[in-house]
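The values are calculated or read from the model by the stated rules, or taken from the named source; none is laboratory data. Note that the structure is predicted; figures quoted are calculated from it, not measured. When we count neighbours, we look across all protein chains shown, and the Cβ atoms used for this are built from the backbone with ideal geometry, even at glycine.
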Amino acid sequence: MTLAAYSMRALPDQLSGLISLALDLRWTWHHGGDQLWRALDEEAWEATHNAWLVLNGVAVEHLQALSQDPDFLTLYQEQVSRHEEFTRAATWYSDSCNNKLDGGIAWFCMEYGVSESLPLYSGGLGVLAGDFLKASSDLGVPVMAVGLLYQQGYFRQALNTAGEQIEFHPYNDPTMLPVSPLRDSNGEWARVTVPFPGREVRLRGWKGQVGRCELLLLDSNDPRNEPGDRGITSELYSGDPEKRLQQEMVLGIGGWRLLELLDRKPALCHINEGHSALALVERAHQWQRSQQTDFEVARFATRATNLFTTHTSVAAGFDRFPRALAALYLEPWLSGQGNRLENLLGIANGGTSDLNMAGLALGMSGRFNGVSRIHQKVTQTIFQPWFGRWPTPDIPADYVTNGIHTPSWDSPESDQLWTRACGKDRWRQPMLEPEPMCDVDDLSIWEMRRSQCRRLVGYLRKRLHAQHCEHNYGSNPDAACGLLLDAETLTLGFARRFTAYKRPDLLLKDPERLVRLLTNRDQPLQIVLAGKAHPKDKVGKELIRRWKAFSQRPEVEGKVVFIEDYDLAVAGQLIQGVDVWLNTPSHPWEACGTSGMKVLVNGGLNLSQFDGWWAEAWNDQVGWAIRPGASFEELALDGSHDDSDARELYELLEQQVIPEFYHLDDKGLPGTWLQRIRASMDQLTARYSANRMVREYVSDFYLPMAAQGNERTPEIAAELVANRKNVCRHWPKLRFGELTEQTGDNSQTFSLCVYLDGLGHEQLTVELVAEASEFGPRLVQPMAMEHALEGSEDSYLYRATVPPRPAGHFTPRIRVKDARLNLPLEDSHILWYR
Ligand SMILES: *Cc1c(COP(=O)(O)O)cnc(C)c1O
């Protein structure tokens, strides 16, 4: 690493603005500057789409010449002033949020997929994080993201002739990544340390600019660190638990310390996944130091403004560290703060003695949410163990359905079409037109589709040619190089991580049936596939191998192609060009899924399992669903549906998708297909955008949470903790007395005696609960305190009148009441009558 790479001594003065243009990753979605980078070095720009790399590679003489070239200077000046305008412009946030979040949102995630030129991601979670940042920039929401700068990122993939995955770990030269060293207020390179066993690990700060938002990154590759420690931030998801814990310490503890060093005072901390739970602990430590309190008060004071988003669908997906490992690594840090691992385990404990990071995140947060409507229910189920005897429907998990950053995923053709339909600024504000595509004629939509498909075929040929020449010596070079692909043929796309739950092999269940579809002379099909399998996922690798073997069968050769090294760039091409995007995960593993959302803006259609986002998006106008309308309960039933799902998939393709695509109306266009595209674009594009997602987080979480946080002063936090201690002391002695029931004409009245052992009745709520049955939906009815019982201290009579059901259907319960708390998350005491 040489600092010379950042000093840009060679840059002529009049072109100095190129540095901030090149370092603003806005060029990944806003293409106004493309011409500028092309003028600097067309070949490097086309090959890398990394403006910073382009700028660093330009010869001094060329820059000198450009600084004298009036055409270039005009182009340059225009970009510089547009960029200045952009940074000053009013935004949705500045117009409608009264600056209530001006301290900023500290946003933590293990991976970020902003651009293929900044490869710090492996898949869905990272891409979502990147899209979240970009949409926050569009809306002006002051998000400061914190992450790790991996020297190698996730592995890169190739396949050998046998279809076996080969893994590469190319080194990310940080001077060529579009980030710069982060400077503190004195202009020094920002560095923080994190206590490790017997040493301090030094971390260096980096900064990525994502439009109006910052992406703050840490790496441990400081030459003064122990050799082993320098590699903590080497790769993403290596599978080694010790390294994983080290990374989470760097991200969480180091990340929060970095914010502190930069004197940031975030209004809120939002963590994506439990990986960064330690940030919340370090935040409490910082508060504890500044307010001179104990940890418990600090926890209650800060948690109101901590939001935990979970993307996990099964409890096995939570990060867990064996107690001994956690003790070895965390004690040096905790003891420095007067804290103990026992304490964290108590907060995190969901019935195990391991350190469960999701549990810790939950215990440090004021609210938590899943990422689709169905995932909310899944989340309630998998987090239930943290809530004692609370029934699943009462688990306070919210949800915000994920979305994608539309301007990052639209094609040049669809960009034009949308601009025609609803103007330039359409993605920067809530969409107003209910049916933007209704005025766009069939021919324009169809021409956009075919043009996108032609470009995809061209791209696939280029990629396949390169793959072929590297190592895949198939029998038929034309097929291997994509020359048999056809832009008029119905193209099905499937690209995602290859792992068992995603069922990439569902379409291979009946290979002969698939062969018939692919080789139909009049209505043919072609398939493009991509995806990596985690290096330790043997099953996933086998799935890739099976597809590769199938694609080499002589009768389908050239009609089924596998593009190696799936990343943002490959995804961007596929989702623009394919006609139908296929997704077939098995329930409940896919929390939301986002790749299918990326085709919407481009007029691609979805054929997908009725699960995740598609379960809320699907109707029979917009696409096709496997097991449409299945309820959460039906989906949750055990048992494999692979065979019946595969049958449904074939039937949908044979009876609906393929005939509809090839059926031409009297204008010679596939009218029904186009109507479906229009419905999908109109109904779904705006709804499944990151723009909508970020606005939901702001309105439903950030703003109300910040307001609650303001009310939680140090005094109130201390009072809440004291109350809680009191509740803990008395709770074991609470008792129910007699329960009586009186049936009226059209109602029944329950009376209940309770003994509260010194807890004030205003601190508690007594409720009658009836579960859903043939007598009606679930009912939770508060009981009114009528009067104290004479003759016995701390005893009260409660009463409630409810619609009639068999008396045994109602069960009373007692829980804590305090409008200042988020319940039952912040106090899950509950006592049932039986
Ligand atoms: C969108 C995207 C994903 C997420 O896809 P899912 O189908 O939701 O799993 C993963 N990887 C890349 C490169 C993507 O662009």
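Among what's in the stretch 167-190 and is in contact with a helix residue (DSSP H, G or I) (Cβ under 8 Å, 6 or more places away or on another chain) and not hydrophobic (A, V, I, L, M, F, W, C), pick the residue that is surrounded by the fewest Cβ atoms within 10 Å (Cβ to Cβ).
Out of the qualifying residues, it is Asp184.
Which numbered condition in (1) crowded, with 21+ Cβ neighbours inside 10 Å; (2) more than 27 Å from the chain's Cα centre (by Cα); (3) not assigned by TED's automatic domain parsing to the domain that holds Glu651 is the only one that Trp427 fails?
(2)
Just checking, does the stretch 447-461 include any residue being within 16 Å of the ligand (Cβ to nearest atom) and assigned by TED's automatic domain parsing to the domain that holds Met681?
yes
Of (1) more than 15 Å from Gln209 (Cα to Cα); (2) out of contact with any Leu (no Cβ under 7 Å at 6 or more places or on another chain), Trp92 satisfies all except one. Which?
(2)
Filter the stretch 567-611 down to residues that are among the acidic types (Asp, Glu) and either more than 29 Å from Ala466 (Cβ to Cβ) or more than 7 Å from the ligand (Cβ to nearest atom) (or both) and give me whichever is modelled with the lowest pLDDT.
First, the residues of the stretch 567-611 that are among the acidic types (Asp, Glu): 567, 579, 590, 611.
Filter once more, keeping what is either more than 29 Å from Ala466 (Cβ to Cβ) or more than 7 Å from the ligand (Cβ to nearest atom) (or both): 579, 590, 611.
Details: Asp579: 98, Glu590: 91, Asp611: 94.
Filtering the stretch 567-611 for residues that are among the acidic types (Asp, Glu) and either more than 29 Å from Ala466 (Cβ to Cβ) or more than 7 Å from the ligand (Cβ to nearest atom) (or both), the one modelled with the lowest pLDDT comes out as Glu590.
Quick one: which of Arg521, Arg553 is closer than 25 Å to His663 by Cβ and either modelled with pLDDT of 95 or more or not assigned by TED's automatic domain parsing to the domain that holds Gly124 (or both)?
That would be Arg521, the only listed residue that is closer than 25 Å to His663 by Cβ and either modelled with pLDDT of 95 or more or not assigned by TED's automatic domain parsing to the domain that holds Gly124 (or both).
Condition check: within 16 Å of Trp581 (Cα to Cα) and assigned to a helix (DSSP H, G or I). Does Arg449 satisfy that? Before you say what the answer is, go through the steps one by one.
Values: within 16 Å of Trp581 (Cα to Cα): yes; assigned to a helix (DSSP H, G or I): yes.
The answer is yes for Arg449.
Yes/no matrix, rows are residues, columns are (1) in contact with a helix residue (DSSP H, G or I) (Cβ under 8 Å, 6 or more places away or on another chain); (2) under 22 Å from Gln609 (Cα atoms); (3) among the aromatic types (Phe, Trp, Tyr); (4) surrounded by fewer than 22 Cβ atoms within 10 Å (Cβ to Cβ):
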residue: Asp478; (1), (2), (3), (4): no, no, no, yes
residue: Leu490; (1), (2), (3), (4): yes, yes, no, no
residue: Arg513; (1), (2), (3), (4): yes, yes, no, yes
residue: Val560; (1), (2), (3), (4): yes, yes, no, no
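Of these, Gly403, Gly388, which one is within 16 Å of the ligand (Cβ to nearest atom) and not charged (D, E, K, R)? Can you show your working first?
Working: Gly388 fails: within 16 Å of the ligand (Cβ to nearest atom).
Sole residue among the options that is within 16 Å of the ligand (Cβ to nearest atom) and not charged (D, E, K, R): Gly403.
Of the residues that make up the stretch 195-218, is at least one out of contact with any Ser or Thr (no Cβ under 6 Å at 6 or more places or on another chain), in contact (Cβ under 8 Å) with a residue 24 or more places away in the chain, within 27 Å of Ala51 (Cβ to Cβ) and assigned to a loop (DSSP other than H, G, I, E, B)?
No - not one qualifying residue is present in the stretch 195-218.
If you take just the helices (runs of 4 or more DSSP H) that sit entirely in the stretch 69-169, which of them hold at least 1 residues that are within 16 Å of the ligand (Cβ to nearest atom) and basic (Lys, Arg)?
Numbers: elements: 70-88, 92-96, 124-139.
Of the helices (runs of 4 or more DSSP H) lying wholly inside the stretch 69-169, those with at least 1 residues that are within 16 Å of the ligand (Cβ to nearest atom) and basic (Lys, Arg) span 124-139.
If Pro628 passes every condition in (1) within 9 Å of the ligand (Cβ to nearest atom); (2) at pLDDT below 95 but one, which one does it miss?
Among (1) within 9 Å of the ligand (Cβ to nearest atom); (2) at pLDDT below 95, the lone unmet condition for Pro628 is (1).
Any residue in the stretch 266-280 that's over 17 Å from Pro142 (Cβ atoms): show its pairings with residues that are of a type in the set (Lys, Arg) at Cβ separation under 8 Å, as long as the two are six or more apart or on different chains.
From the stretch 266-280, the pairs are Leu280/Arg303.
Take the stretch 506-532 and flag every residue that is part of a loop (DSSP other than H, G, I, E, B) and either of a type in the set (Ser, Thr, Tyr) or away from the ligand (no atom under 16 Å from the Cβ) (or both). Step through it out loud before you land on a result.
In the first step, residues of the stretch 506-532 are kept if they are part of a loop (DSSP other than H, G, I, E, B); the result is 509-510, 520-524, 531-532.
Within the stretch 506-532, Lys509, Asp510, Asn520, Arg521, Asp522, Gln523, Pro524 meet the criteria.
Condition first: within 24 Å of Arg454 (Cα to Cα), of a type in the set (Phe, Trp, Tyr) and buried (at least 21 other Cβ atoms within 10 Å of the Cβ). Can you find one or more residues in the stretch 621-636 that meet it? Walk me through it before giving the result.
Pass one, the stretch 621-636, residues within 24 Å of Arg454 (Cα to Cα): 622-623.
With of a type in the set (Phe, Trp, Tyr) added as a condition, the list becomes none.
No, the stretch 621-636 has no match at all.
I need the strands (runs of 3 or more DSSP E) fully contained in the stretch 708-776, keeping only those with at least 3 residues that are surrounded by 15 or more Cβ atoms within 10 Å (Cβ to Cβ) and under 46 Å from the mean Cα position of the chain (by Cα). Before you say what the answer is, go through the steps one by one.
Working: elements: 735-743, 748-755, 764-770.
Because the criterion is at least 3 residues that are surrounded by 15 or more Cβ atoms within 10 Å (Cβ to Cβ) and under 46 Å from the mean Cα position of the chain (by Cα), the strands (runs of 3 or more DSSP E) in the stretch 708-776 that meet it are 764-770.
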